[in-house]
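The values are calculated or read from the model by the stated rules, or taken from the named source; none is laboratory data. Computed from a predicted structure; not experimentally measured. So basically every Cβ, Gly included, is an ideal-geometry build from the backbone, and we count neighbours across all protein chains shown. Each accessible area value is taken on the protein alone, full model and side chains, heavy atoms only, with ligands, DNA and RNA left out. Shrake-Rupley method; radii C 1.70, N 1.55, O 1.52, S 1.80 Å.
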2 protein chains.
Amino acid sequence: MVTIYDIAKKANVSAMTVSRVINKSEKISEITRKKVEAVIKELNYIPNNSARNLITKKTKILSLMITDIGNPFFTSVARGAEDKAMQMGYQLLLCNSDENFEKESKYMDMLISTGSDGVLIAPANDNSKKNMKKLTKHGIPFVLIDRRIPDIDCDQVLSDNEATTRRLIEHLIKQGHRKIAIINGPLVVSTARERQQSYIDTLKIHGISVNNDLIKESHFRDSDVTNSIQELLNLPESERPTAIFATNNFIGMNTMKILYRHNIKVPEEIAVVSYDVPNYTENESILTVAEQQAYNFGYIGIQLLIERIEGAAPEKARKIVLPSEIHLRASSLNQRD
Amino acid sequence: MVTIYDIAKKANVSAMTVSRVINKSEKISEITRKKVEAVIKELNYIPNNSARNLITKKTKILSLMITDIGNPFFTSVARGAEDKAMQMGYQLLLCNSDENFEKESKYMDMLISTGSDGVLIAPANDNSKKNMKKLTKHGIPFVLIDRRIPDIDCDQVLSDNEATTRRLIEHLIKQGHRKIAIINGPLVVSTARERQQSYIDTLKIHGISVNNDLIKESHFRDSDVTNSIQELLNLPESERPTAIFATNNFIGMNTMKILYRHNIKVPEEIAVVSYDVPNYTENESILTVAEQQAYNFGYIGIQLLIERIEGAAPEKARKIVLPSEIHLRASSLNQRD
DNA sequence: CTGTTAGCGCGTTCAA
DNA sequence: TTGAACGCGCTAACAG
């Protein structure tokens, strides 16, 4: 391995001078700089980051903690994060928590050990608070995306859960629906809570009483909605929903799949709307969706994070809310429209 | 920051003993081990990898170089890679080359500097050979996935391009098609070449002459097939294809989209088959596809890589070929079937 | 089984 | 503008 000492010897300078050249110090004569640079190129020297990190405590590595890169939403988040990180000279470590606090914790230790300069995180659930405290204790800045955590005050990039849900539900109401079911993720996740609250509030505003039999809790990942839908279908005619609000893309996709299996016509028998889109690369779906700015969650998140790391951020935590765009499609539109 | 010395002092042992406990050395008495572990937990100690790497020359970081995490194929690859890496105690650095050699090179320098223990790479194209040589020069093992590179002998995980293409084309021939077009990626990519060769060979075997007007070169990413399809449609009736073979998922998806825009009925007017699937999370498409074991490309690739890194691999390079599974769907099936 | 010594490659601090 | 000494946190090699 080539070290600064090898360079120093060959260039007839001290190691320190070489170090200065590498770190683009100003206080180097043009002549010695050229000389050292020549030797560096000649010997194909690449600095040892481990040694450097040991002193500077900086790695130029950021961690991206998401629940699953397989979810198209997070795939786009990752792409946005990656683009910004690369642009700013950082590299990105990928972590999939699978909505699991323990797995998240394990990653957390690894990324602290590696010396991540910062973490962009969509926390598994409210328990993740412990992991956030751990980061704080280790002096590692983090930015929350998609999901907030009670009592954690930090930079955040969030969806407009209240407004988007309201628009989705009001759309259904306008289509004549009064019995609207919600199939949600676990309520230990902030987005699930906020979407559910907005669902309830919107119904009430429009004078529709909330029926708890129409509120189902499933999972955002591995969202097996078979039982939920079966229960909805088993309800007496008077209660049976004419529309379903799926609170994330997987739930939306699986809801469509299961309804299809039950030979239930969408939207004639049951209309469906989904928060977030099942597939960001395709656009031919019949599903009415609220499309989030997934890419920007990552891109802006990393931007906030780097500003924080490099001391370019205001002391006060920043909260960015990214509005969604609703695409009305066949799954929720009456034919007469 | 808590160091092994803090632990040592509090546990009344030497730093070395603490180090041994951390590294799960066998030669530690049960009693001292428990004692040390207790203090580690109490002080929330997390090892500093930079310091450790400085000595061991290992970072426990692997890099995954793919062309685009936004491509569902590579998303699954990434998930498989991540799972195996995590399981083996490694972390994964994500790199998107965007099918671009220059971008790949830039990442290459970064990951060498960071000290990746190894690289799992789907190379941008044949030019990537230079980057492979660079890795070799720096003693960094790598495993090629999806795409091979001429004259580079190393562990590889590849698709069965020849056989899968042949089965796809023979399926079309059996459906009565004789004028079969191919919309391909750039021929500087091995998979494009192999799929095209197999397409040509299969036609010849079945006594169908190859018409160069039916061979179109597009891109695997940003695959704008508008022109290619326009040209195909402009062909005189006698030459106009009755079927299209799309050589990757994006091309397949976009082909469907453009045909739809042209109001061309699939499969009645033009049948379509695609190598690789546009969406791994959904299964309701009408597109006939060859589904690759994307997850295993990543999972097995990382396995080979780690074996190589840890000296557990045979000297001879290993070549794993993962067969695809063909799903026959409406886009290529005659109604009378 | 445990401890001591030395040094990994580099940047900080200070002196020249 | 340049250099010498020191130490970051840890582990290899050896000694006990």
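Measuring from a point 7 Å past the Cα of B:LYS133 along Cα-to-C-beta, which residues in the range B:86-113 have an amide N at less than 20 Å?
B:100-113
What is the angle, in °, between the Cα long axis of helix B:72-87 and the longest principal axis of the Cα atoms in chain B? Nearest 10 is fine, range 0 to 90.
For helix B:72-87, the angle is close to 20 degrees.
Distances in nm, one decimal, shortest first, from A:LYS133 to the same residue in every other copy, taking the label point 7 angstrom along Cα→Cβ.
Output for A:LYS133: 5.6 nm, nearest copy listed first.
Using helices alone, what [θ] at 222 nm do you get for chain A, with -39,500 (n - 2.57) per DSSP H run of 4 or more residues, divided over all residues and rounded to the nearest 500?
Calculated at 222 nm, the ellipticity per residue is -13500 deg cm²/dmol.
Between chains B and A, what is the buried accessible area summed over both chains (1.4 Å probe, protein heavy atoms, nearest 100 Å²)?
4400
If you take every residue apart from B:GLY115 with its C-beta less than 13 Å away from the C-beta of B:GLY115, what net charge results, scoring Lys and Arg +1 and Asp and Glu -1?
+4
Take the alpha carbon atoms of the range A:86-120, find their center, do the same for the range B:158-221, and report the distance between the two centers in whole angstrom.
Between the Cα centre of the range A:86-120 and that of the range B:158-221, the gap is 42 Å.
Mean-square fluctuation check for chain A, GNM, Cα pairs under 10 Å: which of A:LEU168, A:LEU43, A:LEU203 is largest?
Looking only at A:LEU168, A:LEU43, A:LEU203, the largest GNM fluctuation is found for A:LEU43.
Please compute the net charge surrounding A:LYS60, taking Lys and Arg as +1 and Asp and Glu as -1 over other residues with Cβ under 12 Å from its Cβ.
+1
If you add up the charges near B:LYS319, with Lys and Arg at +1 and Asp and Glu at -1, over every other residue whose beta carbon is less than 9 angstrom from its beta carbon, what do you get?
+1
Over the range A:4-45, what percent of the accessible surface lies on carbon and sulfur atoms, probe 1.4 Å?
53
Report relative contact order for the range A:217-336 in percent, whole number only (criteria: Cα-Cα under 8 Å, sequence separation at least 6).
Reported relative contact order: 25 percent.
Count, for each residue of B:66-75, the Cβ atoms from other chains sitting within 10 Å of its Cβ, then give me the mean as a whole number.
4
Would you list the P(r) distribution for chain A, with all Cα-Cα distances sorted into 10 Å bins from 0 and each bin expressed as a whole %?
5, 23, 25, 18, 13, 7, 5, 3, 0, 0
Counting only other chains, and only Cβ atoms inside 10 Å, what mean value do you get across the residues of A:254-261?
Going residue by residue through A:254-261 and averaging, the value is 1.
Which distances, shortest first and in nm, link A:LYS174 to the matching position in the other copies, using label points set 7 Å out along Cα to C-beta?
5.0
Can you pull the mean other chain C-beta count within 10 Å for peptide B:96-104?
Average neighbour count from other chains, rounded to a whole number: 1.
Express the relative contact order of chain A as a whole percentage, based on alpha carbon pairs under 8 Å and six or more residues apart in sequence.
Relative contact order, chain A: 18 percent.
Pairing the Cα long axis of helix B:30-43 with the longest principal axis of chain B, what angle in degrees results, from 0 to 90 and rounded to the nearest 10?
70
What does the C-alpha gyration tensor say about the overall shape of the protein assembly as shown? Classify as rounded when a/c is under 1.5, otherwise prolate if a/b is larger than b/c, or oblate.
oblate
Given a 1.4 Å probe and heavy atoms of the protein chains only, how would you sort A:ASP222, B:ASP68, A:ASP98, B:ASP6, largest accessible area at the top?
Largest to smallest exposure gives the sequence A:ASP222, B:ASP6, A:ASP98, B:ASP68.
Please list 3J(HN,Hα) in residue order for the range A:259-267, calculated via the Karplus relation 6.51 cos²θ - 1.76 cosθ + 1.60 where θ = phi - 60°; whole Hz, with x for glycine and proline.
Whole-Hz 3J(HN,Hα) from phi for the range A:259-267: 4, 4, 5, 7, 6, 9, 6, 10, x.
Could you pull out every residue, at least 5 positions away or on a different chain, whose amide H is within less than 5 Å of the one on A:ILE320? Hs are placed 1.01 Å off N in the peptide plane, and Pro or chain starts have none.
Excluding prolines and chain starts, which carry no amide H, the hits are A:GLN156, A:VAL157, A:LEU158.
Looking at chain A as a GNM with Cα springs under 10 Å, which of A:THR75, A:THR32, A:THR288 has the largest mean-square fluctuation?
Among A:THR75, A:THR32, A:THR288, the largest mean-square fluctuation in the Gaussian network model of chain A belongs to A:THR32.
Long-range amide H contacts for B:PHE142: which residues qualify at under 5 Å (H placed 1.01 Å from N, peptide plane, sequence gap of 5 or more or a different chain)?
Correct list: B:VAL119.
Residue by residue, what Karplus-based ³J(HN,Hα) values in Hz, rounded to whole numbers, does the range A:124-133 have, using 6.51, -1.76 and 1.60 with θ = phi - 60° and x for Gly and Pro?
4, 5, 4, 4, 4, 3, 4, 5, 5, 4
For chain A, with a Gaussian network of springs between Cα atoms less than 10 Å apart, report the residue from A:VAL289, A:VAL321, A:VAL18 with the top mean-square fluctuation.
For chain A, modelled as a Gaussian network with Cα springs under 10 Å, the answer is A:VAL18.
Which trypsin sites (Lys or Arg not before Pro) does the range A:1-86 hold that lie in a coil by DSSP with at most 14 other beta carbons within 10 Å?
A:LYS24, A:LYS27, A:LYS57, A:LYS58
Any idea what the A:LEU328 label distances to the other copies are, label 7 Å down the Cα→Cβ vector, nm, shortest first?
Relative to the other copies, A:LEU328 has label-point distances of 4.2 nm.
Any idea of the accessible area per residue across the range A:4-45, 1.4 Å probe, to the nearest Å²?
Heavy-atom SASA per residue in the range A:4-45 reads 71 Å².
May I ask for the angle, rounded to the nearest 10°, between helix B:190-205 and the longest principal axis of chain B, with both axes built from Cα atoms and the value confined to 0 to 90°?
Computed tilt is about 30 degrees.
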